[in-house]
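Just so it is clear, none of the values below were taken in a lab; they were calculated from the coordinates. Every value quoted in this text rests on a predicted model; they were computed, and no experiment measured them. Glycine also receives a Cβ, built like all others from the backbone with ideal geometry; neighbour counts cover every protein chain displayed.
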Amino acid sequence: MFRTVYCHLHGEPTWNGRILHTHYATGQQAEALVEHGDIRCLGPRCDKPAGHTLQNPVDGVTAYYGRDSGFRMDSEAREYRSFREAIATESTEEVRFHYVFIDGYWKVMYRTPEGWKMKALALALRRCPK
């Protein structure tokens with residue numbers, strides 16, 4: 001089974017990719033991250049400290065649409081039976097990157113003129129400015 005969430009801001013490997021690689025490097029951490037559904041802005045932490053809201057997020061804490069807005073929203077993680085189904089369903093014109101935690105590490109998928117390509121996130125980050 002594959003679980004997916006959407007992240008609205010900073011999808012590039014230099015931001016989201018680096019945070020995922022550095023702060024969500026285990027399966028347990030990746031599961032904790034997607035537990036609260038769609039994300040407005042990814043941060044190094046995914047807990048909910050006192051005072052943290054979508055409108056007034058605590059610095060460094062992931063801001064979730066559902067959990068942090070105070071409203072019931074259709075923003076839960078989506079579940080798919082296969083990787084192929086997840087990517088086909090979640091790949092819209094606006095999506096430039098997919099991050100996949102599989103086989104114990106993150107991979108990044110990126111759109112090219114020939115279609116989607118995938119590589120280890122650690123390898124992609126070596127080519128990114130710090």
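One table, with the values for the structure above:
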read-out: Cβ charges +1 (Lys, Arg) and -1 (Asp, Glu), total dipole of the range 2-126, debye; value: 320
read-out: Net charge of Cβ neighbours under 15 Å - reference Asp47; Lys, Arg +1; Asp, Glu -1; value: -1
read-out: Positive dipole terminus of the chain, leading residue within Phe83, Gly37, Gly104 (C-beta point charges); value: Gly104
read-out: Around Arg67: net Lys/Arg minus Asp/Glu count, Cβ-Cβ under 12 Å; value: -2
read-out: Order of Leu42, Leu33 - criterion: other Cβ atoms within 10 Å of each residue's Cβ, fewest first; value: Leu33, Leu42
read-out: Rounded Å value of the spacing that divides the Cα centres of the range 1-74 and the range 89-130; value: 18
read-out: Exposed GluC sites (Glu not before Pro) absent - longest run of the chain, DSSP non-H/G/I/E/B, at most 12 other C-beta within 10 Å; value: 1-92
read-out: Percentage relative contact order, the range 2-126, counting C-alpha pairs under 8 Å, at least six apart; value: 27
read-out: Computed FRET value (nearest 0.05) for Ala120 with Lys48, which takes r as the C-beta separation and R₀ as 35 Å; value: 0.70
read-out: Value at 222 nm in deg cm²/dmol, rounded to 500, when DSSP H runs of n ≥ 4 in the chain each add -39,500 (n - 2.57); value: -6000 deg cm²/dmol
